[in-house]
Amino acid sequence: MQLLSFKKISLTFIIVVFLCSSNFAQYKSFKLNTQGDTLNAIKEDDQKVGKWVIETPELRGEPGNTEEGMYKKGEKDGYWRKYSTQGDLLAVEHYILGGKDGLQQYFTYLGDLIQEENWKGYNPDAPYDTIAVYGTGSGEIIDFKIVKAAPYSVKDGEWRYYEPGTGRLLRTEQWSRNNLVKPNAPKVLVIPDDKPKKIEKTPEMLQWEQKNKNKKGALRDGRTSG
């Protein structure tokens with residue numbers, strides 16, 4: 001029985017080693033983390049694939065950071081997150097095969113949300129796309145045309161900017177395929193002054209006051225003189 005169990009264990013070990021060797025054989029280079037996961041893999045055709053962790057060191061006063069996300073067909077794909085060297089979340093970005101797509105969020109080193117962007121990603125797996133044609137200086141759509149899709153992205157949707165520390169919305173922008181449609185600053189609430197406004201006197205009013213300066217009980221009757 002012990003010999004049979006040993007043979008089963010040995011066979012299982014050989015199968016695992018064979019499968020691992022087969023998987024690693026498809027990579028030109030790769031790394032393993034402490035949990036044994038494959039990171040930063042590059043295929044024989046030089047395409048990046050799978051989960052990547054990219055560390056950027058401090059350079060010329062610019063702080064370092066770490067990016068984590070997935071590569072697909074050699075391009076960033078899905079959600080990518082950027083952290084400071086202390087582990088603070090700095091950005092959450094979403095990609096479709098190398099192009100930004102959807103909501104992107106950016107934070108300060110203190111964790112304050114300071115900017116939100118919306119992008120439209122072009123998927124090269126879809127052969128064509130329909131885009132709007134805008135009039136010169138009018139910002140109005142005058143036509144649509146079909147173009148061949150390419151792996152890039154454009155600003156599309158609402159962009160929001162926030163004040164660090166308070167989270168107060170500073171301004172918004174509305175974009176349509178890289179065209180700024182409507183910049184907008186939040187309305188400022190005007191608080192009325194409690195002090196009564198000084199009324200500017202007309203020449204007739206000044207003339208009446210001069211004539212009736214020492215008269216008690218004098219009243220204006222609506223006439224402009226007398």
Single condition Pro151 does not satisfy, out of (1) modelled with pLDDT of 95 or more; (2) assigned to a loop (DSSP other than H, G, I, E, B): (1)
Within region 50-73, can one find any residue that is touching a Leu at 6+ places or on another chain (Cβ under 6 Å), of a type in the set (Val, Ile, Thr) and under 25 Å from Gly121 (Cα atoms)? yes
Can you list the strands (runs of 3 or more DSSP E) lying wholly within region 82-128 that have 2 or more residues being surrounded by 14 or more Cβ atoms within 10 Å (Cβ to Cβ) and over 13 Å from the mean Cα position of the chain (by Cα)? 89-96
Qualifying residue in region 26-44 (condition: surrounded by 10 or more Cβ atoms within 10 Å (Cβ to Cβ), over 27 Å from Leu97 (Cβ atoms) and at pLDDT below 85): no
Note on region 80-113: residues under 20 Å from Pro57 (Cα atoms), touching an Asp or Glu at 6+ places or on another chain (Cβ under 7 Å) and not charged (D, E, K, R) are Trp80, Tyr109
Per-region count, region 34-57, residues in contact (Cβ under 8 Å) with a residue 24 or more places away in the chain, outside any strand (DSSP E or B) and closer than 18 Å to Trp80 by Cβ: 1
Return a yes/no flag: does region 163-171 have any residue that is β-branched (Val, Ile, Thr), at pLDDT 70 or above and surrounded by fewer than 10 Cβ atoms within 10 Å (Cβ to Cβ). yes
Looking at (1) surrounded by 15 or more Cβ atoms within 10 Å (Cβ to Cβ); (2) not in a strand (DSSP E or B), which one does Tyr71 not meet, given that it meets all the others? (2)
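The values are calculated or read from the model by the stated rules, or taken from the named source; none is laboratory data. These figures come from a predicted structure and were not determined experimentally. Here Cβ is always computed from backbone atoms with ideal geometry, including for glycine, and neighbour counts include all displayed protein chains.
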